[in-house]
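The values are calculated or read from the model by the stated rules, or taken from the named source; none is laboratory data. This is a predicted model, so every value here is computed, not measured. Positions of Cβ are backbone-derived with ideal geometry, glycine not excepted, and every protein chain shown enters the neighbour counts.
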Amino acid sequence: MPQESSHRVVVIVDANSNPFELGCATEVFGLRRPELGRDLYDFRLCSPDPGTVMRDGFFTLTGVAGLDAADQADTLIVPNRPDIDTPRRREVLDTVRRAHTRGTRLVGFCSGAFTLAEAGVLDGRRATAHWQWAEQFRARFPAVRLEPDVLFVDDGDILTSAGSAAALDLGLHLVRRDHGAEVAASVSRRLVFAAHRDGGQRQFVERPVPELPDESLAPLLAWAQQHLDTALTVPALAAHANISPATLHRRFRAQLGTTPLAWLTGERVTLARRLIELGESRLDVVARRTGLGTATTLRTVLRRETGLTPSQYRRRFGQGGLSRQAG
């Protein structure tokens, strides 16, 4: 029987909330994890009403806790809905403000950024929201530092994501932040979802249908992931794809919304995190197997990406650290 987690994730569901984002939260934070031998989170739903009519009357949610359950949250996911012009209810906004004052981690999926902004907790903070609402958001909340062209923004104790599918990206980012890259990879495998899309990737890329059927980066990405321990460079990637570095850059920008170097570094860091979590303590070995070169480079890059030194990362997310967390 999996051991229960003490970290409580609570989702506030309000009138006209989107079922998809609620499903994302449930899939990432609410499922039992027998394959891990422990549950990652204590997950609860709450609502200000005994019966909550979901978006467009698709169904009515009943049988969940009252709004006071949010006062016990370690992470609080705020309501989101498509009618962004209708003000949120005072009792919901008051609940969000109390949570922020307590130091609770706040999460807004898609239009949930509007809920956080209405509560006043985003003033002076970084956030994102769905690209189609960027202008309305800026007009209503000029004190918020909106980043409209990214998948999600991690601003420490307040995190926001863009349109619906980015809720999964942010959810997996939180799992990675709380439990490490190996656990996040396990959750993503169960979801059959990409293990890692960096928050800085673009939300939406306008591009025509390719004239040639062989312009997809998928074969190159799969090959590169199997050869991270070699001297992969951007010119080497371009050469393997039989295109110029300039063309490779254009395709990465068009298809992934990032650069080849940024993608390559992200993959190497993710592999390094997983190796450390699985017990590899020799930094030179980790650096060599990930293509990061030296232990010094590994330390620098890991600290930049996670805020932790390799030894700190090992203590927090290594097998011994996770056993202590599970207990």
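Kindly check whether there is at least one residue in region 131-153 that is crowded, with 22+ Cβ neighbours inside 10 Å, modelled with pLDDT of 90 or more and either within 20 Å of ASP42 (Cβ to Cβ) or of a type in the set (Ser, Thr, Tyr) (or both). Looking through region 131-153, none of the residues is crowded, with 22+ Cβ neighbours inside 10 Å, modelled with pLDDT of 90 or more and either within 20 Å of ASP42 (Cβ to Cβ) or of a type in the set (Ser, Thr, Tyr) (or both).
Checked against (1) of a type in the set (A, V, I, L, M, F, W, C); (2) closer than 18 Å to ARG88 by Cα; (3) not in a strand (DSSP E or B), VAL11 passes all but a single condition, namely (3). Output the residues belonging to region 242-257 that are touching a helix residue (DSSP H, G or I) at 6+ places or on another chain (Cβ under 9 Å), free of Cβ contacts under 8 Å to residues at least 24 places away in the same chain and surrounded by fewer than 20 Cβ atoms within 10 Å (Cβ to Cβ). Across region 242-257, the qualifying residues are ILE243, SER244, PRO245, ALA246, THR247, HIS249. Being closer than 19 Å to CYS24 by Cα and assigned by TED's automatic domain parsing to the domain that holds ALA25: is that true of ARG88 here? The answer is no for ARG88.
For region 54-94, the candidate set comprises residues that are hydroxyl-bearing (Ser, Thr, Tyr) and surrounded by fewer than 20 Cβ atoms within 10 Å (Cβ to Cβ); within that set, the residue that is farthest from VAL9 (Cα to Cα) is THR86.
Tallying residues that are part of a strand (DSSP E or B), among the aliphatic types (A, V, I, L, M) and in contact with a Leu (Cβ under 6 Å, 6 or more places away or on another chain) within region 130-158 yields 1.
Do we have ARG97 as surrounded by fewer than 24 Cβ atoms within 10 Å (Cβ to Cβ) and touching a helix residue (DSSP H, G or I) at 6+ places or on another chain (Cβ under 7 Å) here? Criteria not met by ARG97.
For region 197-235, the set of residues classified as within 30 Å of THR294 (Cβ to Cβ), at pLDDT 55 or above and either part of a loop (DSSP other than H, G, I, E, B) or in contact with a strand residue (DSSP E or B) (Cβ under 8 Å, 6 or more places away or on another chain) (or both) consists of ARG197, ASP198, LEU217, GLN226, HIS227, LEU228, ASP229, THR230, ALA231, LEU232, THR233, listed by residue number.
Looking across region 54-108, just one residue is charged (D, E, K, R), assigned to a loop (DSSP other than H, G, I, E, B) and modelled with pLDDT of 95 or more, and that is ASP74. Taking region 236-299 as the region of interest, the helices (runs of 4 or more DSSP H) fully inside it that hold 2 or more residues being over 30 Å from ASP149 (Cβ atoms) and among the β-branched types (Val, Ile, Thr) are 283-290.
Among the residues examined, LEU122 does not qualify as touching a residue at least 60 places away in the same chain (Cβ under 8 Å), of a type outside the set (Asp, Glu) and surrounded by 20 or more Cβ atoms within 10 Å (Cβ to Cβ). The number of residues in region 131-183 that are without any contact (Cβ under 8 Å) to a residue 24 or more places away in the chain and of a type in the set (Asp, Glu) comes to 2. Residues in region 258-290 that are surrounded by 20 or more Cβ atoms within 10 Å (Cβ to Cβ) and either on the phi > 0 side of the Ramachandran plot or β-branched (Val, Ile, Thr) (or both): VAL269, THR270, ILE276, VAL286, THR290.
Report yes if VAL9 is of a type outside the set (Phe, Trp, Tyr) and within 24 Å of THR104 (Cβ to Cβ), otherwise no. Yes, satisfied.
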